[in-house]
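Let me begin by presenting the structure, written as C-alpha cells, before commenting on it.
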Amino acid sequence: MANTPEEWLEKSISDGHINYLEYNKFSNPIIIGTGAFGKVFKCEWKDCELMVALKCLKIDTNLSLDEKIIKDFINELKLLRRVSNHPNIISFYGVTKNCDGHYHMVMQYANEGTLREYLKAEFDNLQWEDKLHIAREIALGLLFLHDNHIVHRDLHSKNILIHQKQPKIADFGLSKQINETSMMTSDSTAHGMLAYIEPQCFIVPRYKRDKKSDVYSFGIILWEISSGRPPFESFDSFIIISSVVQGRREEPIDGTPQKYIELYKQCWDKNPDNRPETKLIFNTLNQLANEGLYQFTTVKHLIKDNANSSSPVNSHINSLEIKTSAPLYLSDTINSKTSVQDNSTLEKLRKEAFECLKQCKFLEALGLFEEILKNSKDSLEDKKNASTWDLSGHRFELKNLDELMHVLCKNTMLTSLNLYYCNLGAEEGKALADALCKNSILTSLDLSYDQLGSEGGKALANALFKNTTLTSLNLCSNELGAEGGKALAVALCKNNTLISLNLVHNKLGLEGGKALANALCKNSTLTSFDLNHLNRNELGSEGGKALAAALCANTTLTSLDLSHNRLGSEGGKALADALSKNITLTSFDLSCTGLGTEGGKVLADALCKNITLTSLDLKGGKALANALCKNSTLTSLDLYINKLGAEGGQALAAALYKNTTLTSLNLHSNELGAIGGKALAYALCMNTTLTSLILSYNKLGSEGGKPLANALCRNTALTSLNLYSNELGAKGGKALANALCKNNTLTSLNLGHNELGSEGGKALADALCKNTTLTSLDLSYNELGSEGGKALADALCKNTTLTSLDLDDNQLGSEGGKALADALCKNITLTSLNLNGNQLGSEEGKALADALCKNTTLTSLSLFDNGLGSEGVKALSDALCKNSTLTFLDLSYNELGSKERKALADALGKNNH
C-alpha cells in the first residue's frame, strides 16, 4: 500500500486512474504565474501542437496517509477526469514529471488570463449582458462540480480563467487533494485569498469548507464582476478578517440590477444555512440573462479610486451612470390599438409565463404565450420569447418532462429549444426523440451534456428519419459511442433538412467515423459538421482517410472541424488529396491532429490546388510557405506561437514575394530573431496586399528592426504593425522613426516594451511632426524619461492625425507631465491618452486639470498611480465641472481621501458628459 503523497500519485498513474505524459513532449516553457505550490508554465505540447499550462505539484514526500485518504484521492481523480469535459471547467490532461523529479499537472492554457486580469482589461467595454453571461457561465461550472460532489474550497477571481471569452473554473480537485492534505491540516485559513474565504473559517477552528463555502466565494465574485475591481482592495489582512466576521461587505455598484444585488447578498450571508443552493443561483442568473430583467445604463464617467478609508468597507466613487429605468417590454412593442389597461394585463401575463417556465409548468407557459401573442401581434420580443425556450441547467421531474413532450407534440410556436446540461439520460432522450417524430416546427435543438448514451443517440437518429423541420442539432458530450454514431450516420443519408450537426466529445471511434464519412457522401444538406476534441472521438488515421474520401464526393459541406483527433500523417495525406478535389469547403480546422511533417507538406501542396478555402488552422508547418506562393484564396493566416524560428521566417518571407491574396499574418512569438525579421522586411518591400502584420515577442533586436524600418519606407499597403517586446532599443526606434517620416499608409504602430529610451522617444517625436497618417501609437514601458516626454509633448502641438497615444510607465516625471499638459491645451486631434504609472505628482495634476478646461477633443485620460495627491485631485475635480468632452478618467491608486472623493462626487453631479 502506498503511504506518501508521491506514492499515491504513482499508484494512480500505474492503475490507469490518471494519464501520465512524458516531460519531453513539452517545449518552450514560459513562466506565467507563481502560486503557493510552485510555478506555472505555459508550454507547447508537441504531440498535438497545443498550448498547455504546467502547474507544479510540490508535495511533502514525508507525509504518511491512511488507506481511506488514498481511496478518496483515487475517486477524486475519476471525478476530475469526468468534470474536465465541461466547457466551464479547465481541461485536465494528466500529469508529467520534470527532470528535477517534480510532478506537474498538465492543464488547458487559457489565452485571456484570469478573471481578475480580464475584468481589469475589458471592464469598460462590458455591458450588463456580458457581465451576466460571465456570471452565468461560472455558475454553470460550479453547479457541475457540486453535482459531481466536488467542493472547490478556494474559489476566487484568480482561479477562474478566461479562454476565448469563456470562463473556466480552475485549481480544484487533484491539486487540492494533494496539497491541502499537507498544508491545511492545522489551519483552514492558511491558504486562499482572505476576501473570498467563508467567514466561518475565521470563527470556528478547523472549519471544513463545503458547497456553501463555495457559494459564499461566488457571491464575492458576483460583486467583483459588477464593479470591475477586487473586493477590499486596499485593506490589510486584519481589517479584511475583522470586517468579514462582523458581517461587513462591499457596497453595491450603481446601475447593478436589483435582482443581481439580492442574489450576491444571499450568497455572502454570514450564516451558511441562509445561502442559496447552487442550482438556484444558476437558475436566477439564467433568468436574468435570458429575460433581460436588468437596467441598461449609459456610463458617462468611470472614476476609479482605490484609496484607504476609515470605514472597513471603502465607499468608492466608481461611476456616474444615467439610468434608463424602462420596463422590460417597452410601449412600442404593444399593438397601437391595445389600451393602457391591456398593456398592464399583457405585462402581468408575461411575468406569469416566465414564472411558469422557471417552475417547469410548460403547458401553462405555452397557453400564456399564446394568449400574449393574440393581444400583441406586432411584438417581435414576444414572438421571440414564445418561440425560443432556454431551459439549460434545469433538472426535470418526470411530470415536467411529460409536459415538455406534450408542448413539442402540440406544434404551436416553439422553434428553438435549449436543454443543455439537463442530465436527461437515455430514457428521457428516447421520449424526446418520440416527440420530434410528431413535431413539425422545431428547427434548433441543443442536447449537449445530457448523458444520452448510445441508446438515446439511436432514438434521436430514428427521429431524424421522420422529422422534416430540424436544421440544427447539438449532441456535444453525450457518450454516443460508435453505435450512436453509426445510427446517426444512417439517418444523415436520408434526412434532407439538417444543416448543422455537433458531435464533439462523443467517443465515436473509427467505426463511427467511417459511418459518418459514408453519410457525407450521400447527404445533400449538411453544411457544418463538428467532430473535434482530444481523445473524445478518436477517429484516428483510418477515420481521417474515410472522411477524406467523403470530401471528394460531398457537394454541400462548407465547414469541417476535425481538431484533436490524432489523424496522423496518413490521415493528413488523404485529407490533403481531398482538398485538391473539393469545391465547397471554406473553413477547415485540423489543429492538434498529429499530422507531422509529412502530413503538413502534403496539405501545403493541396493549398496550391484548392480554389475555395479561405480559412485554415494548422498550428504550424513550414511547407505552408511554399503553398502560399501558389494559393489564390487564403486571406488570413494565424501561426501564433509555432516556434518557426529564423528558417521558418525566411520561408514565409519568400512566400510573401509571390502571394497576392494574404492580407493578415500573425507571427506572434515565433523566435524569428534578427534573421527572420530581415527576411520579412525584404518581402514587405515587394508585397502589395498585406495590411496587418503581428511580429510581437520575436526578439528581432535592432538588427531586425532596422530592415523593417527600411521596408516601411517602400511598402504601400501595410496599415497595422505590431512590434511589441522585440528588444529594438534606441537604434531600432530611431530607424523606425525615420521610416514614419516617409511612410504614408501606416495608421497603427505598437512599439511597447522595446527599451527605446529617451533617444528613441525623441526620434519618434520628431517623426510625429512630419507623419500624416498614423492615428494610434503605443510607446508603453520604454523608459522614455522626462526628455522623451517633453519631445513628444512638442510633437503633439504640431501633429494633426494622432488620436491615441499610450505612454504607460515611462518615468516621465513632473517635467514630462507639465509639457504634456501644455500640449493638451493646443492639440486638436488626440482623443485617448494613457499616462499611467509616470510619477507625475500633484503639481502636474494641477497642470493637467488646467489643460482639461481648455482641451476640446480628449475623451479618455488614464492617470493611474501617479501620486497626484489631494491638491492634484481637487484641481481635476474642478476641471470636470468645466470640461465638455471627457467620458473616461482613471484616478486609481492616487491616495484619495474622503474630501477628494466628495469633491469628485460634486464634480460628477455638475458634469453632463
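Could you tell me which numbered condition Lys25 fails, if it satisfies all but one of (1) more than 30 Å from Glu117 (Cβ to Cβ); (2) at pLDDT 75 or above?
Of (1) more than 30 Å from Glu117 (Cβ to Cβ); (2) at pLDDT 75 or above, only one is false for Lys25: (1).
Give the residues of region 225-277 that are under 14 Å from Phe202 (Cα atoms), outside any loop (DSSP other than H, G, I, E, B) and not β-branched (Val, Ile, Thr), sorted by residue number.
If the condition is that a residue be under 14 Å from Phe202 (Cα atoms), outside any loop (DSSP other than H, G, I, E, B) and not β-branched (Val, Ile, Thr), then Ser237, Phe238, Ser242, Ser243, Pro272 are the ones that fit.
Kindly indicate the residue of region 825-854 that is within 17 Å of Gly785 (Cβ to Cβ) and part of a loop (DSSP other than H, G, I, E, B) and also modelled with the highest pLDDT among those meeting that condition.
Filtering region 825-854 for residues that are within 17 Å of Gly785 (Cβ to Cβ) and part of a loop (DSSP other than H, G, I, E, B), the one modelled with the highest pLDDT comes out as Leu835.
Look at Leu740 and say whether it is of a type outside the set (S, T, N, Q), in a loop (DSSP other than H, G, I, E, B), modelled with pLDDT of 90 or more and closer than 17 Å to Leu693 by Cα.
On the way: of a type outside the set (S, T, N, Q): yes; in a loop (DSSP other than H, G, I, E, B): no; modelled with pLDDT of 90 or more: yes; closer than 17 Å to Leu693 by Cα: yes.
In short, no.
Answer with yes or no whether Asp60 is within 22 Å of Leu155 (Cβ to Cβ), of a type in the set (Asp, Glu) and at pLDDT below 75.
Values: within 22 Å of Leu155 (Cβ to Cβ): no; of a type in the set (Asp, Glu): yes; at pLDDT below 75: yes.
Answer is no for this residue.
Which of the residues that make up region 126-170 are β-branched (Val, Ile, Thr), part of a helix (DSSP H, G or I) and over 17 Å from the mean Cα position of the chain (by Cα)?
Going through region 126-170, the residues β-branched (Val, Ile, Thr) turn out to be 134, 138, 150-151, 160, 162, 169.
Imposing the further condition that a residue be part of a helix (DSSP H, G or I) reduces the set to 134, 138.
Selection gives nothing.
Would you call Ser832 within 23 Å of Ala875 (Cβ to Cβ), out of contact with any Phe, Trp or Tyr (no Cβ under 6 Å at 6 or more places or on another chain), surrounded by fewer than 19 Cβ atoms within 10 Å (Cβ to Cβ) and small (Gly, Ala, Ser)? Quick ask: steps written out before the conclusion?
On the way: within 23 Å of Ala875 (Cβ to Cβ): yes; out of contact with any Phe, Trp or Tyr (no Cβ under 6 Å at 6 or more places or on another chain): yes; surrounded by fewer than 19 Cβ atoms within 10 Å (Cβ to Cβ): yes; small (Gly, Ala, Ser): yes.
For Ser832, the condition - within 23 Å of Ala875 (Cβ to Cβ), out of contact with any Phe, Trp or Tyr (no Cβ under 6 Å at 6 or more places or on another chain), surrounded by fewer than 19 Cβ atoms within 10 Å (Cβ to Cβ) and small (Gly, Ala, Ser) - is met.
If the Cβ limit is 9 Å and pairs must be 6+ apart or interchain, which residue in region 18-33 that is without any contact (Cβ under 8 Å) to a residue 24 or more places away in the chain pairs with which residue that is among the aliphatic types (A, V, I, L, M)?
Listed by first residue and then by second, the contacts come to Ile31/Val40; Ile32/Val40; Ile32/Ala53; Gly33/Val40; Gly33/Ala53.
Condition check ((1) among the aliphatic types (A, V, I, L, M); (2) in a helix (DSSP H, G or I)) across all residues:
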position: Cys685; (1), (2): no, yes
position: Cys713; (1), (2): no, yes
position: Leu718; (1), (2): yes, no
position: Glu727; (1), (2): no, no
position: Lys731; (1), (2): no, yes
position: Leu749; (1), (2): yes, no
position: Asn754; (1), (2): no, no
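Going by the structure shown, is Leu380 hydrophobic (A, V, I, L, M, F, W, C) and touching a residue at least 40 places away in the same chain (Cβ under 8 Å)? Can you show your working first?
Values: hydrophobic (A, V, I, L, M, F, W, C): yes; touching a residue at least 40 places away in the same chain (Cβ under 8 Å): yes.
So Leu380 passes the test.
Kindly list the number of the only condition in (1) assigned to a helix (DSSP H, G or I); (2) at pLDDT below 90 that fails for Asp822.
If we test Asp822 against (1) assigned to a helix (DSSP H, G or I); (2) at pLDDT below 90, just (2) comes out false.
Restricting to region 671-695, give me the number of residues that are modelled with pLDDT under 90 and on the phi > 0 side of the Ramachandran plot.
1
The values are calculated or read from the model by the stated rules, or taken from the named source; none is laboratory data. Source: prediction; values computed, not measured. Cβ coordinates were reconstructed from backbone atoms using ideal geometry, including for glycine residues, and neighbour counts include every protein chain displayed.
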